[in-house]
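The values are calculated or read from the model by the stated rules, or taken from the named source; none is laboratory data. The model shown is predicted, which means the values in this text are computed figures rather than measured ones. As a convention, Cβ positions derive from the backbone with ideal geometry for all residues, glycine included, and neighbour counts pool all protein chains shown. Protein only, heavy atoms only, side chains kept; ligands, DNA and RNA dropped before computing areas. Shrake-Rupley method; radii C 1.70, N 1.55, O 1.52, S 1.80 Å.
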Amino acid sequence: MIPDKKINRFLFLLLLLSGIEGHAQFADTFQKTKDKTTKVIEKRVDNNTTGEESKTTDQSGNSSNTVLAGDSLIFAEDFSAVQPGSIATSFKTNGAATIRTLKNHKGKWLDLGDREIYKFSIPLSYPHRFTLAFDIIAKAEQVKDIAPLSFGFASDNSIYHYDSNIGTYVQLHYYDTNQVNIGSSKPEKFINATFDLQPWANRPLHIVLSINGQRMAVYLDDVKLADEVLFSPTVAKNFYITAPWRYANDSAVMVSNFKVSAFKE
């Protein structure tokens, strides 16, 4: 006969071992379930991120997103029909609207002479909501060799007065390397933004001005720098570019690929 104490001890050990094995199986099952749940959550997060508008951040900390361009083209000019060295007739200026080609860059470009102002030869009738886009190339060993350049909308289409920051404007402070001033004379408003201009030496910088009534949003390389009320209700809009007042070390600024597009209401 086996004593009762030994039988009880054997049964206790058997139960204990069964409990340990069952706990291990439960823990393993729980961990597998947890891993699957984590993967589902991560997948949902990835799907949500993919479904949202793509956003990044530039070195200045500005949020970036894809600009919504107008869907009905009003005006376009890439100077493809103009021979290099000839004068573009689509722009008028107090200087010379000379078209050139650039080594290592496609297309043809309007060479902005120092202290010159440029406007469309035929004023455009802008709708309530539209976008105006173009590309700028700062040809230089370093952008600080270039004085500030301005563009925006003036109340008239005259080219006889050279000045910076006319009407509603954006001014690229190349010689500060990272300063962009945005403002308006009517209504009076001034915004100082930062955008690293140095990496854009010798490569096209895409500009988009998105206008909706009295508001204008400014995008450089898809980075939104401002979205403000910058027009008075009755002001006329005439696009202009005022070239830098000084170039150093054989630097230059050239522009091309102009597109003005309206939005279908």
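Of the residues screened, Asp156 is one that is surrounded by fewer than 20 Cβ atoms within 10 Å (Cβ to Cβ) and either in contact with a Pro (Cβ under 8 Å, 6 or more places away or on another chain) or not in a strand (DSSP E or B) (or both). The residue of region 160-173 that is nearest to the chain's Cα centre (by Cα), among those that are within 19 Å of Gly113 (Cβ to Cβ) and surrounded by 20 or more Cβ atoms within 10 Å (Cβ to Cβ), is Leu172.
Considering each residue of region 235-248 in turn, at least one proves to be under 23 Å from the mean Cα position of the chain (by Cα), closer than 25 Å to Gln198 by Cβ, of a type outside the set (D, E, K, R) and outside any strand (DSSP E or B).
Suppose the filter is buried (at least 19 other Cβ atoms within 10 Å of the Cβ) and over 15 Å from Val253 (Cβ atoms); does Ala138 pass it?
Numbers: buried (at least 19 other Cβ atoms within 10 Å of the Cβ): yes; over 15 Å from Val253 (Cβ atoms): no.
Here the answer is no, as Ala138 does not meet what is asked.
Is there a residue being within 20 Å of Gln214 (Cβ to Cβ), at pLDDT 95 or above and outside any strand (DSSP E or B) anywhere in region 137-145? Within region 137-145 (the criterion being within 20 Å of Gln214 (Cβ to Cβ), at pLDDT 95 or above and outside any strand (DSSP E or B)), the answer is no, since none of the residues qualifies.
Looking only at region 174-199, filter to residues that are in contact (Cβ under 8 Å) with a residue 40 or more places away in the chain and assigned to a strand (DSSP E or B); which one of those is most open to solvent (accessible area, probe 1.4 Å)?
Applying the filter and picking the extreme gives Lys189.
Restrict the check to region 99-115 and report whether at least one residue is assigned to a strand (DSSP E or B) and farther than 19 Å from Asn257 by Cβ. No - not one qualifying residue is present in region 99-115. Of all the residues in region 200-234, those that are part of a loop (DSSP other than H, G, I, E, B), open to solvent by less than 60 Å² (accessible area, probe 1.4 Å) and either modelled with pLDDT under 95 or farther than 25 Å from Ala97 by Cβ (or both) number 5. The C-beta contact set for region 232-244 (first residue under 12 Å from Ile166 (Cβ atoms), second residue among the acidic types (Asp, Glu) and part of a loop (DSSP other than H, G, I, E, B), distance under 9 angstrom, 6+ apart or interchain) comprises Asn238/Asp156; Ile241/Glu116; Thr242/Glu116; Thr242/Asp163. Just to verify a result, which residue in region 218-262, among those that are touching a Phe, Trp or Tyr at 6+ places or on another chain (Cβ under 7 Å) and aromatic (Phe, Trp, Tyr), is nearest to Ile159 (Cα to Cα)? Taking the candidates together, the pick is Tyr240.
Counting only residues that are hydrophobic (A, V, I, L, M, F, W, C) and in a loop (DSSP other than H, G, I, E, B), which one in region 86-98 is surrounded by the fewest Cβ atoms within 10 Å (Cβ to Cβ)?
Of region 86-98, the ones hydrophobic (A, V, I, L, M, F, W, C) are 87-88, 91, 96-97.
Next cut, in a loop (DSSP other than H, G, I, E, B) only: 88, 96-97.
Working: Ala88: 21, Ala96: 10, Ala97: 21.
Among those that are hydrophobic (A, V, I, L, M, F, W, C) and in a loop (DSSP other than H, G, I, E, B), it is Ala96.
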